[in-house]
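Since the structure comes first, as structure tokens, the remarks are kept for the end.
The values are calculated or read from the model by the stated rules, or taken from the named source; none is laboratory data. Owing to the predicted nature of the structure, the values given are computational and were not obtained by experimental measurement. Glycine also receives a Cβ, built like all others from the backbone with ideal geometry; neighbour counts cover every protein chain displayed.
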């Protein structure tokens, strides 16, 4: 087998492979002999059909099959021989394809980029620290109460946080527009569910009252046909209901699956959940900064095949998340290219860090992570046992731990600044700012 390789770009390789005719004929004859043992042809007993008849009937198919298998086998042999690491399936173009002659074909493909991860010292990380104060716990209890609020009809003017039952009709230029009308809809004032000015315009209204609101849709409104346009809404208030927060009692506690029946026990359980959320938030923000730093310090070229695969994976995830009748390939690729590129780059960089530092998932950390996740359930021991019986889930946990070990490896050389902050600042979404 003859092999030559041409570098057509930083990652693309054009490999010409020659397969001797003798090897092709051996494979063709092997398939014809297999066919002869089981072929059923009128006038001949099974296994007694002359090879000339078998060849006449089946040689073309056997040759096509042999050539396909040989291309696959010799491509693999060639990349091993040339020490290449393909990043996707090759595009194969036959050069010669005649019976009795050597087979020569060209395989064009991309390889994984070869690089060494560096620049750890240039990465700056701000590592937050925080505690769950009693005031934070009190605030969380109020949030939980508000999430379980009930409403009772009252005979008074509407206030913020009241729930109104309303009918409304929206018009633009005197004409009703699609989606601009509703009957018997429930609206909590101050929730921000409607466009700016709508809810404010109903403060002070009473049941049975009609109000006309002249409002303008935001310029960045999701429905582009309405963005920036002025509309008139005629709103009829059917009822006004005041919020009633639930009492912190046994009935309330049971809604959260907590066995404790007293306030102190409930506070203890809520605090545990807040502390777990706090640890995860701090860890996530540190990880984001480390990953951003690795990307900035290690620009690499991404194989198109990997990028395309990741775009397709994100398309499928989007369809699964949002539903509808749309097919993944109907979503524009450009919607996902930036995210896909980041994910592929990070995957390659993280894998290289693992290789450079010979990292292996730490069994102790794997178990600690499983126990941490299991602690959110009522029967944590059962959850731990379930993980250890499920190899796929265990592999996912090992991947998370290995990524954490990559972060720890970077932090040993990065510039790290510790900063004490409040619980709310530590857990709020978004990445922590870079340290000065």
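Here are the numbers:
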read-out	value
Residue in segment 283-302 that is touching a helix residue (DSSP H, G or I) at 6+ places or on another chain (Cβ under 9 Å), free of Cβ contacts under 8 Å to residues at least 24 places away in the same chain, assigned to a loop (DSSP other than H, G, I, E, B) and closer than 30 Å to residue 124 by Cβ present	yes
Test: residue in segment 61-69 that is at pLDDT 90 or above, closer than 28 Å to residue 104 by Cβ and in contact with a strand residue (DSSP E or B) (Cβ under 7 Å, 6 or more places away or on another chain)	yes
Only one of 153, 132 that is under 30 Å from residue 248 (Cα atoms) and touching a strand residue (DSSP E or B) at 6+ places or on another chain (Cβ under 6 Å)	153
Within segment 146-259, strands (runs of 3 or more DSSP E) holding 1 or more residues that are in contact (Cβ under 8 Å) with a residue 60 or more places away in the chain and closer than 30 Å to residue 377 by Cα	150-153, 230-244
Given (1) under 25 Å from residue 308 (Cβ atoms); (2) surrounded by fewer than 11 Cβ atoms within 10 Å (Cβ to Cβ); (3) at pLDDT below 90, number of the condition residue 94 does not satisfy	(2)
Selected residue (criterion: nearest to residue 4 (Cα to Cα)) from residues of segment 82-97 that are touching a residue at least 12 places away in the same chain (Cβ under 8 Å) and outside any strand (DSSP E or B)	82
Single match in 261, 230 (criterion: in contact with a helix residue (DSSP H, G or I) (Cβ under 7 Å, 6 or more places away or on another chain) and surrounded by fewer than 13 Cβ atoms within 10 Å (Cβ to Cβ))	261
Among the residues listed as 248, 226, the single one being on the phi < 0 side of the Ramachandran plot and within 32 Å of the chain's Cα centre (by Cα)	226
Residue satisfying condition, being outside any helix (DSSP H, G or I), touching a helix residue (DSSP H, G or I) at 6+ places or on another chain (Cβ under 7 Å) and surrounded by 13 or more Cβ atoms within 10 Å (Cβ to Cβ), within set 346, 359	359
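Conditions tested, residue by residue: (1) buried (at least 18 other Cβ atoms within 10 Å of the Cβ); (2) modelled with pLDDT of 95 or more; (3) not assigned by TED's automatic domain parsing to the domain that holds residue 292.
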{"site": "124", "(1), (2), (3)": "no, yes, no"}
{"site": "135", "(1), (2), (3)": "no, yes, yes"}
{"site": "138", "(1), (2), (3)": "no, yes, yes"}
{"site": "156", "(1), (2), (3)": "no, yes, yes"}
{"site": "165", "(1), (2), (3)": "yes, yes, yes"}
{"site": "171", "(1), (2), (3)": "no, yes, yes"}
